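Peer 1: Pasting a structure below so you can have a look.
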Amino acid sequence: MRVHARDNVAIIVNPEGVAAGAEFPDSLTAREAIPQSHKIALAAIEPGQPVCRYGEIIGYARRAVEPGQWVREEMIEAPAAPDLDTLPLATRPPAPLPPLEGFTFEGYRNADGSYGTRNILGLATTVQCVAPTVEYAARRIRAELLPRFPHVDDVVAVTHPYGCGVAIEAPGARIPVRTLQHISLHANLSGQPLLVSLGCEKLQPARLFPPAFAGQALPVLEAANVIRLQDQLGFAETVAAILRAAELRLIQLDRRRRHTCPAAGLVVGLQCGGSDAFSGVTCNPAVGFAADLLVRAGATVLFSEVTEVRDAVHLLTPRAATPNVARALIREMRWYDDYLALGQADRSANPTPGNKRGGLANVVEKALGSIAKAGSTALMDVASHGEKVTGKGLIFAATPASDFICGTQQLASMNLHIFTTGEGTPYGLSLVPVLKVSSRTALAEKWHDLIDLDAGGIATGAKSMEEVGWEIFHRVLEVASGRRTWSEHWGLGNALIPFNPGPVT
């Protein structure tokens with residue numbers, strides 16, 4: 001499978017790979033056995049010459065490469081990252097695509113104007129110390145109370161490893177604090193969680209939700225909605241207090257009903273994990289096509305993962321709607337460059353061993369495939385780490401590439417998640433439905449009860465990228481309307497890990 005006319009490598013589609021001596025229709029002969037998804041040289045490449053995929057340079061040959069040879073990671077020297085000071089700024093913003101009208105989903109309308117795709121009782125927390133108690137209480141609520149309230153989808157303990165033992169005044173603390181502020185008021189919690197505090201932590205309830213945060217006192221800070229563990233008489237009474245407050249809240253939530261909502265009410269986060277060399281030619285571009293459809297329907301689409309954008313940023317800054325949007329994207333790239341340098345690391349720490357097993361040679365190749373999720377529309381805005389996205393269209397929400405941290409950061413804004421994978425992962429989030437799309441049919445068949453949609457047919461020609469993109473778009477509307485994903489079926493929800501670049505004391 002060759003992506004671009006300039007490419008001098010292609011990837012092997014055959015599920016079993018190819019044997020040495022295998023001949024292709026264009027008369028190319030494999031010089032050695034090459035596994036599926038790995039690269040084969042289409043022409044001779046001299047030492048120091050570019051190795052091209054996606055029409056872009058993914059590296060330079062460290063030694064001579066013959067046509068038909070397996071092009072492996074150790075044979076490629078990664079190029080330098082794009083110079084942030086010389087990038088084009090909004091030089092080619094795409095013209096708006098024709099709007100898609102009339103698309104809706106059945107969701108929940110919230111008082112603040114947001115839309116929920118699920119109706120969940122949230123038990124928000126200020127500090128990790130209370131996490132086991134709150135998770136225990138959530139299990140009790142799920143078993144003892146929830147069956148009486150059929151219109152409530154779930155109860156979720158919004159626990160995290162933050163809140164104390166940190167430099168809460170440090171500039172870096174703004175990131176996890178604002179992330180937890182927005183997650184605690186998530187649209188799928190109707191913006192009205194119960195809040196559980198220990199009592200002595202640095203992240204006090206009033207610090208988590210100061211008046212300046214919302215411009216007024218929040219209902220979540222009313223005495224009936226805050227349980228302070230150090231005010232209770234023992235563990236049993238603590239749990240009983242949470243259950244009493246939860247029952248009152250469940251009565252309110254059970255009155256909520258789904259209503260027809262415009263597709264513009266969707267805020268869809270895009271992420272990839274366990275990527276392989278197929279991701280950039282099957283699932284990611286199909287998701288990118290679906291992202292274009294969502295934007296045309298008026299929705300908000302978030303893509304993220306700074307280290308998986310950094311080496312392809314030169315393809316994105318020209319697409320910015322304005323020079324200021326392009327500068328904001330560069331700002332986030334530069335901030336992360338400095339962050340990695342402070343930790344004496346660089347972008348070569350990405351990709352993972354699994355990515356390499358799946359045929360990705362380096363982070364440049366990974367980034368070029370990753371940004372395919374962003375589709376083709378103009379980049380309308382950039383949100384920094386943990387900020388709540390309020391705009392419409394395609395938006396870059398800065399996050400690390402770590403699956404768990406990226407998902408947590410995107411939860412500050414999104415009400416539905418699309419997750420692409422080539423190697424496979426059981427990743428899920430409890431607060432939003434996660435729609436999982438595979439890059440290869442072999443993975444979808446192996447993990448038939450974890451993968452929601454298969455994009456592998458694009459590689460074999462069984463389906464077009466546009467067909468799969470429309471399929472994803474329609475499935476998004478179905479899932480937003482209540483159709484459960486496999487992650488929801490199994491109750492898979494990874495722990496929330498807010499990004500904390502600040503000091504730990």
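Peer 1: Enumerate the pairs (first residue in segment 66-94 and within 25 Å of Gly17 (Cα to Cα) and of a type in the set (Phe, Trp, Tyr); second residue anywhere and crowded, with 18+ Cβ neighbours inside 10 Å and modelled with pLDDT of 95 or more) with beta-carbon separation below 7 Å, excluding pairs fewer than 6 apart on the same chain, so at least 6 apart or on different chains.
Peer 2: Close Cβ pairs satisfying both conditions: Trp70/Ile34; Trp70/His38; Trp70/Ile40.
Peer 1: Do the conditions hold for Arg92, that is, is it touching a helix residue (DSSP H, G or I) at 6+ places or on another chain (Cβ under 6 Å) and surrounded by fewer than 23 Cβ atoms within 10 Å (Cβ to Cβ)?
Peer 2: yes
Peer 1: What residue, of Arg244, Arg249, is closer than 24 Å to Leu121 by Cα and buried (at least 21 other Cβ atoms within 10 Å of the Cβ)? Explain how you work it out, then say what you get.
Peer 2: Values: Arg244 fails: buried (at least 21 other Cβ atoms within 10 Å of the Cβ).
So the residue among Arg244, Arg249 that is closer than 24 Å to Leu121 by Cα and buried (at least 21 other Cβ atoms within 10 Å of the Cβ) is Arg249.
Peer 1: Within segment 340-357, which residues are among the hydrophobic types (A, V, I, L, M, F, W, C), surrounded by 11 or more Cβ atoms within 10 Å (Cβ to Cβ) and part of a helix (DSSP H, G or I)? Break it down stepwise before answering.
Peer 2: Filtering segment 340-357 down to residues among the hydrophobic types (A, V, I, L, M, F, W, C) leaves 340-342, 345, 349.
Within this subset, residues satisfying the condition of being surrounded by 11 or more Cβ atoms within 10 Å (Cβ to Cβ) are 340, 345, 349.
Correct list: Leu340, Ala349.
Peer 1: A further question follows. Among the residues of segment 383-399, write down those that are over 15 Å from the mean Cα position of the chain (by Cα) and either closer than 21 Å to Leu435 by Cβ or among the aliphatic types (A, V, I, L, M) (or both). It would help to see each step written out before you state the result.
Peer 2: As a first pass, look at segment 383-399 and keep what is over 15 Å from the mean Cα position of the chain (by Cα): 390-393.
Answer for segment 383-399, where residues must be over 15 Å from the mean Cα position of the chain (by Cα) and either closer than 21 Å to Leu435 by Cβ or among the aliphatic types (A, V, I, L, M) (or both): Lys392, Gly393.
Peer 1: Still on this structure, I have one more. Taking segment 313-335 only, how many residues are part of a helix (DSSP H, G or I) and surrounded by fewer than 21 Cβ atoms within 10 Å (Cβ to Cβ)? Steps first, please.
Peer 2: Step one: of segment 313-335, the residues part of a helix (DSSP H, G or I) are 313-315, 317-319, 323-335.
Filter once more, so that each one left must be surrounded by fewer than 21 Cβ atoms within 10 Å (Cβ to Cβ): 314-315, 318, 323-324, 327-328, 330-331, 334-335.
Looking only at that region, the number is 11.
Peer 1: Starting from residues that are of a type in the set (Ser, Thr, Tyr) and not in a strand (DSSP E or B), keep the ones in segment 288-312 and report whichever is farthest from Leu97 (Cα to Cα).
Peer 2: Of everything passing the filter in segment 288-312, Thr307 is farthest from Leu97 (Cα to Cα).
Peer 1: Still on this structure, please answer the following. Here's a check for you: in segment 108-161, which residue that is more than 22 Å from Leu477 (Cα to Cα) and of a type in the set (Phe, Trp, Tyr) is nearest to the chain's Cα centre (by Cα)?
Peer 2: So the residue we want is Tyr136.
Peer 1: Looking at this structure, is Val432 assigned to a loop (DSSP other than H, G, I, E, B), surrounded by 24 or more Cβ atoms within 10 Å (Cβ to Cβ), assigned by TED's automatic domain parsing to the domain that holds Gly298 and of a type in the set (A, V, I, L, M)?
Peer 2: Yes: the conditions hold for Val432.
Peer 1: Any residue at all in segment 36-43 that's surrounded by fewer than 16 Cβ atoms within 10 Å (Cβ to Cβ) and not hydrophobic (A, V, I, L, M, F, W, C)?
Peer 2: Looking only at segment 36-43, we keep the residues that are surrounded by fewer than 16 Cβ atoms within 10 Å (Cβ to Cβ), and these are 43.
From what's left, not hydrophobic (A, V, I, L, M, F, W, C): none.
No: segment 36-43 contains no residue that is surrounded by fewer than 16 Cβ atoms within 10 Å (Cβ to Cβ) and not hydrophobic (A, V, I, L, M, F, W, C).
Peer 1: Listed residues Thr377, Thr408, Thr441; which is in the same structural domain as Arg331 (by TED's automatic domain parsing) and under 18 Å from the mean Cα position of the chain (by Cα)? Write out each step before concluding.
Peer 2: On the way: Thr377 fails: under 18 Å from the mean Cα position of the chain (by Cα); Thr441 fails: under 18 Å from the mean Cα position of the chain (by Cα).
The match here is Thr408.
Peer 1: Restricting attention to segment 11-37, which residues are without any contact (Cβ under 8 Å) to a residue 12 or more places away in the chain and of a type outside the set (S, T, N, Q)?
Peer 2: Here is the first cut: in segment 11-37, the ones without any contact (Cβ under 8 Å) to a residue 12 or more places away in the chain are 21-27.
Within segment 11-37, Gly21, Ala22, Glu23, Phe24, Pro25, Asp26 meet the criteria.
Peer 1: From the list Val239, Val281, exactly one residue is β-branched (Val, Ile, Thr) and assigned to a helix (DSSP H, G or I). Which is it? Reasoning before the result, please.
Peer 2: Values: Val281 fails: assigned to a helix (DSSP H, G or I).
Exactly one residue qualifies, and that residue is Val239.
Peer 1: Being part of a loop (DSSP other than H, G, I, E, B) and under 31 Å from the mean Cα position of the chain (by Cα) is the filter; apply it to segment 27-68 and report the residue that is nearest to Ala5 (Cα to Cα).
Peer 2: We begin by selecting, within segment 27-68, every residue part of a loop (DSSP other than H, G, I, E, B); these are 27-28, 30-33, 35-38, 42-44, 46-49, 54-55, 62-64, 66-68.
Filter again for under 31 Å from the mean Cα position of the chain (by Cα), leaving 35-38, 54-55.
Numbers: Pro35: 23, Gln36: 21, Ser37: 19, His38: 18, Tyr54: 9, Gly55: 7 Å.
Per the criteria, the residue is Gly55.
Peer 1: Could you go through segment 197-206 and let me know if any residue there is outside any loop (DSSP other than H, G, I, E, B), more than 22 Å from the chain's Cα centre (by Cα), crowded, with 16+ Cβ neighbours inside 10 Å and not aromatic (Phe, Trp, Tyr). Give the steps one after another, and end with the answer.
Peer 2: Here is the first cut: in segment 197-206, the residues outside any loop (DSSP other than H, G, I, E, B) are 197, 205-206.
Then drop every residue that is not more than 22 Å from the chain's Cα centre (by Cα), which leaves 197, 205-206.
Then drop every residue that is not crowded, with 16+ Cβ neighbours inside 10 Å, which leaves 197, 205.
Subsequent filtering for residues that are not aromatic (Phe, Trp, Tyr) retains 197, 205.
Yes - at least one qualifying residue is present in segment 197-206.
Peer 1: Among (1) in contact with a helix residue (DSSP H, G or I) (Cβ under 9 Å, 6 or more places away or on another chain); (2) more than 17 Å from Ala372 (Cα to Cα); (3) among the polar types (S, T, N, Q); (4) modelled with pLDDT of 95 or more, there is one condition Asn324 misses while meeting the rest; what is its number?
Peer 2: The failed condition is (1).
Peer 1: Given the conditions (1) assigned to a loop (DSSP other than H, G, I, E, B); (2) under 12 Å from Ser190 (Cβ atoms); (3) of a type in the set (A, V, I, L, M), report the number of the one that Ala95 does not fulfil.
Peer 2: Among (1) assigned to a loop (DSSP other than H, G, I, E, B); (2) under 12 Å from Ser190 (Cβ atoms); (3) of a type in the set (A, V, I, L, M), Ala95 violates only (2).
Peer 1: Restricting to segment 358-390, name every residue that is farther than 17 Å from Pro318 by Cα, crowded, with 24+ Cβ neighbours inside 10 Å and hydrophobic (A, V, I, L, M, F, W, C).
Peer 2: Once the filter is applied, which keeps residues that are farther than 17 Å from Pro318 by Cα, crowded, with 24+ Cβ neighbours inside 10 Å and hydrophobic (A, V, I, L, M, F, W, C), segment 358-390 yields Leu360, Ala361, Val363, Val364.
Peer 1: Across segment 105-139, what is the total count of residues that are at negative phi and part of a loop (DSSP other than H, G, I, E, B)?
Peer 2: Residues of segment 105-139 that are at negative phi, as a first pass: 105-112, 114-139.
Next cut, part of a loop (DSSP other than H, G, I, E, B) only: 110-112, 114, 117-119, 126-127.
Here the count works out to 9.
Peer 1: Let me ask another. Applying the selection to segment 77-118, what residues are farther than 30 Å from Gly48 by Cα and aliphatic (A, V, I, L, M)?
Peer 2: Initial filter on segment 77-118 (farther than 30 Å from Gly48 by Cα): 89-118.
Selection gives Leu89, Ala90, Ala95, Leu97, Leu100, Ala111.
Peer 1: Of the residues in segment 277-304, how many are over 16 Å from the mean Cα position of the chain (by Cα), closer than 19 Å to Glu365 by Cβ and not polar (S, T, N, Q)?
Peer 2: Here the count works out to 3.
Peer 1: How many residues are touching a Pro at 6+ places or on another chain (Cβ under 9 Å) and either modelled with pLDDT under 95 or loosely packed, with under 14 Cβ neighbours inside 10 Å (or both) when one looks only at segment 45-78?
Peer 2: 3
The values are calculated or read from the model by the stated rules, or taken from the named source; none is laboratory data. Keep in mind it's a predicted model, so treat the numbers as computed, not measured. Note that we place each Cβ from the backbone using ideal geometry, even for glycine, and neighbour counts take in every protein chain shown.
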